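> Have a look at the structure that comes next, please.
The values are calculated or read from the model by the stated rules, or taken from the named source; none is laboratory data. Quantities reported herein were computed from a predicted structural model and do not represent experimental measurements. Note: ideal-geometry Cβ built from the backbone for every residue, glycine included; neighbour counts use all protein chains shown.
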Amino acid sequence: MEQNVKPEQDATDVKQAFWMEFQGTEEEWKQARAMLSPALKDLEAAFGQRVRVGTQDMTLEESVVSHLAERGYTLTCAESCTGGLLSGRIVNVAGASDVFRESVVTYANKAKRKLTGVRKKTLKKFGAVSPQTAREMAEGAADAAGADAALAVTGIAGPGGGTPEKPVGLVYIACTVKGKTTVKECRLTGSRRQIRDAAVEEALRLLDSCLARKPRKQV
């Protein structure tokens, strides 16, 4: 299933942390891991618990919960087209209760306005499926829950509802962490369920990368 995802926007540099993402086959990952292993051992020996090395065995949701816990952050979600699937992935992780505050399914525009504070003029001008609405959903959800981070998803899962300007599979994901918001556009393909599942995967990936850039709390 091919996916077309625009790069994240508004990424900021941080001096306290670095991160690396590797994409390839399982065999390529094994080769890369073997090449990195000596350097990682040196880092762990020098800095101890301040270095965390993730592996392919950790799921995205597990990585997200780990990042949140290590930073002392809390999370909330605002979901439209995913309808609770995103929150379900997170609460499947043991220990999620320590970091996950709440989730709202804002499927209708009225719910977006009531529960996440999306402005009526935003919906009228840009529509429910837009980067502007996704941003306001995330920022409003964070404010309402008093959470450090929030993830919002809005899109068209199909099979109907698409237009030439906004086709089926268009999804906007917004992630806000400590007042910094990043919005990503995704153009996904497949069945309704496949699009919803892919949107969840992209949302978790965005949150994971945003959190990885933030410093962990001092131990």
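> Looking for whichever is surrounded by fewer than 22 Cβ atoms within 10 Å (Cβ to Cβ), over 19 Å from L60 (Cβ atoms) and free of Cβ contacts under 8 Å to residues at least 40 places away in the same chain here; the options are G95, G158, G146. Which one fits?
On the way: G95 fails: over 19 Å from L60 (Cβ atoms); G146 fails: free of Cβ contacts under 8 Å to residues at least 40 places away in the same chain.
Criteria check complete, one pass: G158.
> Yes or no: N109 more than 17 Å from the chain's Cα centre (by Cα), surrounded by fewer than 19 Cβ atoms within 10 Å (Cβ to Cβ) and polar (S, T, N, Q)? Show your work before the answer.
On the way: more than 17 Å from the chain's Cα centre (by Cα): yes; surrounded by fewer than 19 Cβ atoms within 10 Å (Cβ to Cβ): yes; polar (S, T, N, Q): yes.
It is true that N109 is more than 17 Å from the chain's Cα centre (by Cα), surrounded by fewer than 19 Cβ atoms within 10 Å (Cβ to Cβ) and polar (S, T, N, Q).
> Checking the conditions here, which among E61, E27 is at pLDDT 95 or above and assigned to a helix (DSSP H, G or I)?
E61
> For segment 70-92, what are the residues that are farther than 22 Å from R193 by Cα and either in contact with a strand residue (DSSP E or B) (Cβ under 9 Å, 6 or more places away or on another chain) or surrounded by 17 or more Cβ atoms within 10 Å (Cβ to Cβ) (or both)?
Of the residues in segment 70-92, the ones farther than 22 Å from R193 by Cα are 70-76.
Passing the criteria: E70, R71, Y73, T74, L75, T76.
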